[in-house]
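Throughout, read-outs are computed from the coordinates displayed, never taken from laboratory work. Because the structure is predicted, anything quoted here is derived from the model rather than measured. Every residue, glycine among them, receives a Cβ derived from its backbone with ideal geometry; neighbour counts consider all protein chains shown.
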Amino acid sequence: MSPRVEVLGADEFARHVKVAAHIYGAAMQRSAEMVVQRCEIMHSHLARRGFLAVIVPAEDDNEAGAEPVAFGYGYLGRRGEWWHDIVVDALGPELSERWMAEAFELAELHVLPEHQGHGLGRRILDEVIRNARGRTMVLSTHDLESPARRLYRSVGFVDLLGGFVFPGSREVYAVMGKDL
């Protein structure tokens, strides 16, 4: 049986942001301080145009609005937004025009560790791709061979930029893109 997914707008996802930040922290092994910071960032993303979220509620809770065990979300990026501007500058004018002009930016996709390996990330990604507006979809992920990177490649994402370090971070990322 396929896991149940729910597609949510910003208002509906707002009530799940605290749990989503916890899922992020567990999946990425982040400190409590980083989880609080991510929660604030997620709240700010709710106002972005074209916001779309997908959650997978806990299997034992069939009620609408159940707490998620996995989630993903994104929005249509534009100039003046931190991630968008940094990636546009790093890609340069030609690649930016091709990939970023009308891009849905997949900001987060995380699954609680105890629920990983069961296809939840793929279900979320498939649903986001099916419902996202835009000409392309772009994302950043750690620049290493990982289950996440293999998942993105399996649905057609290609590397646009590798070995990239965002300002204020020491972690190395890859930026990936897919035509929608």
Between 0 and 90°, nearest 10: helix 17-28 axis offset from the chain longest Cα axis: 70 degrees
Protection proxy ranking of 40-52, 96-108 - average other beta-carbon atoms within 10 Å, highest first: 96-108, 40-52
Helix 82-91 sits off the longest principal axis of the Cα atoms of the chain, rounded to the nearest 10 on a 0 to 90 degree scale, by 40 degrees
At q = 0.16 Å⁻¹, work out log10 I(q)/I(0) for the stretch 9-168 with the Debye formula, treating every Cα as an identical point scatterer and leaving solvent out; two decimals please. -0.95
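Taking the Cα centre as origin and putting +1 on Lys and Arg beta-carbons and -1 on Asp and Glu beta-carbons, what dipole magnitude results for the chain, to the nearest 20 debye?
Approximately 320 debye in magnitude.
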Between Arg150 and Glu59, what is the spin-label point distance in nm, taking each point 7 Å from the Cα along the Cα→C-beta axis? 2.1 nm
Between Val165 and Glu40, what is the label-to-label distance in nm when each label sits 7 Å out along the Cα-to-Cβ direction? 2.4 nm
Can you tell me how much longer the chain between Val7 and Gln116 gets when fully stretched, taken as 0.36 nm per residue apart minus their C-alpha distance, in nm with one decimal? 37.3 nm
So if each residue of separation counts as 0.36 nm, and I subtract the Cα-Cα distance between Asn131 and Asp85, what length gain in nm does that give? 14.1 nm
